[in-house]
1. Assuming Val259 fulfils every condition listed in (1) open to solvent by 10 Å² or more (accessible area, probe 1.4 Å); (2) closer than 29 Å to Pro204 by Cβ; (3) at pLDDT 95 or above apart from one, which condition is it?
2. In this structure, is Leu253 closer than 20 Å to Gln32 by Cβ and either in a loop (DSSP other than H, G, I, E, B) or open to solvent by less than 30 Å² (accessible area, probe 1.4 Å) (or both)?
3. Going through Leu454, Leu437 one at a time, which residue ends up being among the hydrophobic types (A, V, I, L, M, F, W, C), closer than 30 Å to Pro359 by Cα and modelled with pLDDT of 95 or more?
4. With respect to Ser75, determine if the residue is of a type outside the set (Lys, Arg) and at pLDDT 95 or above.
5. Can you name every residue in region 286-329 that is open to solvent by 10 Å² or more (accessible area, probe 1.4 Å), of a type in the set (A, V, I, L, M, F, W, C) and more than 28 Å from Ser403 (Cβ to Cβ)?
6. Test Phe194 against the stated conditions and say whether it is more than 22 Å from Ile284 (Cα to Cα) and open to solvent by less than 10 Å² (accessible area, probe 1.4 Å).
7. Quick check on Pro212: is it out of contact with any Cys (no Cβ under 8 Å at 6 or more places or on another chain) and open to solvent by 10 Å² or more (accessible area, probe 1.4 Å)?
8. Which of the residues that make up region 389-447 are within 23 Å of Pro369 (Cβ to Cβ), part of a loop (DSSP other than H, G, I, E, B) and β-branched (Val, Ile, Thr)?
Amino acid sequence: MGLGRWWRDVRFSFALLGPLGGLRSIPSAPNQTIRDLWPGDAACGELLVRGRASHHGVTRTFNEGQWAGDDWPASFQDWFQSFEWLRDLRDLGSESARTRARSMVAAWISQPMGTTPLDDPAITGARIASWLAQYDFFAASADEDYRRSLLGRIVLEARTIMVLMPTSRHDWTALRGLKGLLAAAVAIPDQRAFLSRFMRLIDPELEIQVLPDGCHATRSPGAQFLVLRELAEIRLILQTARIPMPTTLASALDRMAPVLRAFRHGDGRLALFNGTWSHDPSLIDLIITRAMPRGHVLARTMKDGRFVRASSGNAVLFVDAGGPPPPGFDKLAHGGLMSMEFSSGRSQIVVNCGASPLPGWHEALRDAPAHSVLSVPKCPPVLWRRDGEVDVRPDVTWEHSVSGTDHMIELASDCYRPAGCGAYHRRLFLAAEGADLRGEDRLGTVGQPSEFVLRFHLHPSVRIELEETDILLHTAEEVWRFRSDGYSTIEESIYFGGSKPTPTQQIVVRPAEVDQEKSLEAAASVAPEPIELPQQDEMSPESEHDTLSEEEAASIATAIAAAEESETSPGDDVNLNPASLDAALATMPELVPDTATVPLTDTEESQPELPHAERSNVIRWAFTRLDA
């Protein structure tokens, strides 16, 4: 045991002894409670009254006084011990709900401190904040002994937060711990050490976590959501207690709220990058309002977070333009380097699969095949250690050029060099007021090109219609056409961006085999279609979709996890003037042929003479809105 660990354990033991004046100095009621900003779920509250708890699709039966189970996922257990479900009982509002809340809190505080799980200050902080936020609901009408026992327990648990923080985890959970410490300081102001410790820790924590452009250091829209939620609560506690707000906190709120707004599709949901899963759009609205009550500001750039948001007309294109975040921030990192999402109006079209905390799903959804990007069989672009952190960190370079409403995004990465490949280049072009999205995915090779596959996961609301040479995609009010110069198939996929895992489909494109003479003759006979400017249409909300059964979900999870093994077929923002952008885009109208089954030769640079039926190392594709 190291000296630092020994000293922490000594301090932790002293913290459990209580304050110097003993618990007799603890009041029987808080000087001030805190306000819960977020809505609960009365249906979940009804389950709790009946002895069942449900969180993120996991439902378990529990006995009073039971705080863990062999079949409880870690995320479920953390949530259950945080007492954040008290808001569900509050929203139910019945006397039975009040009785259940009071008895479960009594069961927790009756445990000896030495046997209570208090090693995670984030869970402890969330629990203290939950008790004080719901105090009027379950404790205000209780007898004095109950209230005094509750306040005494809050003091003891808050002392453990002071000892254990800061930790090595610099994410939203650190802010949960600090929120609980601040809530205890406001409720029991005589314990002055709580507030002074909070003030000492909050500034360096935010300086570590929040990048200059307002993105969170984890590069995760989901983490952005969770951090901003905690900061909005901390802000309200400080304002209610009339405690001056630290400048770093005010600056973080002002920078992070516009970024969270920028991560949203037209339907209000977040783009699914790096560990992001479903969040209710109305709750996102509420968090942004609480965090930044003045104005509706949208982040103009996210170059420190290394994301590109390109909007044109009603269309929005998101691109992950960065590698994995640095150590300490990479628990949520996914292998979807250079992946994209695309939406038009209120309809999402191309998505990533998302994320799940559940074992099996978590690992499968991290890999490249669960993202709308190119992948190489048996060579994941990112490698993880057993503890879930990134082992090998490939680099990504990017440049975003803008002219009016047209966008060119060029990216490159060395992520597939371990497979003997050269650099992976991706080029995306969004034009025609958002009605035309074109791309080129190229894998550098020496000799025979490596096997690879390009995926476009589709939102469950998209209906697919197959034509002889095209794939038509029907959204709520639009029709889009997909074409490529490779071999396109439709396969099963899954989407974790809703309230439950939902079956969906994906377009899978494998590179064509190039017969030079025939492809030149075919390409010469094809006339490219003219591109016209679209008319802006009003979109309607997406429709409801069926959800997966547990058996279907398990089978698709296995399929995604095995996808790499089963495949057998192959900067910065820069504002340019129109003339320079036109030069850069000179080859882009040639990316997609008029007939999807005819492979193209590379017209951008001289190529060595290809052998008969050699596999191409490039796929060109396009999504075009037909009503434009």
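The values are calculated or read from the model by the stated rules, or taken from the named source; none is laboratory data. Keep in mind that this is a model prediction, so the values were computed, not measured. With ideal geometry, Cβ positions are generated from the backbone for all residues, glycine too; neighbour counts draw on all protein chains shown. The protein model used for the area step is the full one, side chains on, heavy atoms only, and it has no ligands, DNA or RNA in it. Shrake-Rupley method; radii C 1.70, N 1.55, O 1.52, S 1.80 Å.
1. (1)
2. Numbers: closer than 20 Å to Gln32 by Cβ: no; either in a loop (DSSP other than H, G, I, E, B) or open to solvent by less than 30 Å² (accessible area, probe 1.4 Å) (or both): yes.
No: the conditions fail for Leu253.
3. Details: Leu437 fails: closer than 30 Å to Pro359 by Cα.
That would be Leu454, the only listed residue that is among the hydrophobic types (A, V, I, L, M, F, W, C), closer than 30 Å to Pro359 by Cα and modelled with pLDDT of 95 or more.
4. Details: of a type outside the set (Lys, Arg): yes; at pLDDT 95 or above: no.
No: the conditions fail for Ser75.
5. Answer for region 286-329, where residues must be open to solvent by 10 Å² or more (accessible area, probe 1.4 Å), of a type in the set (A, V, I, L, M, F, W, C) and more than 28 Å from Ser403 (Cβ to Cβ): Leu286, Met292, Phe329.
6. On the way: more than 22 Å from Ile284 (Cα to Cα): yes; open to solvent by less than 10 Å² (accessible area, probe 1.4 Å): yes.
Answer is yes for this residue.
7. Numbers: out of contact with any Cys (no Cβ under 8 Å at 6 or more places or on another chain): yes; open to solvent by 10 Å² or more (accessible area, probe 1.4 Å): yes.
When the stated conditions are applied, Pro212 passes them.
8. Answer for region 389-447, where residues must be within 23 Å of Pro369 (Cβ to Cβ), part of a loop (DSSP other than H, G, I, E, B) and β-branched (Val, Ile, Thr): just Thr445.
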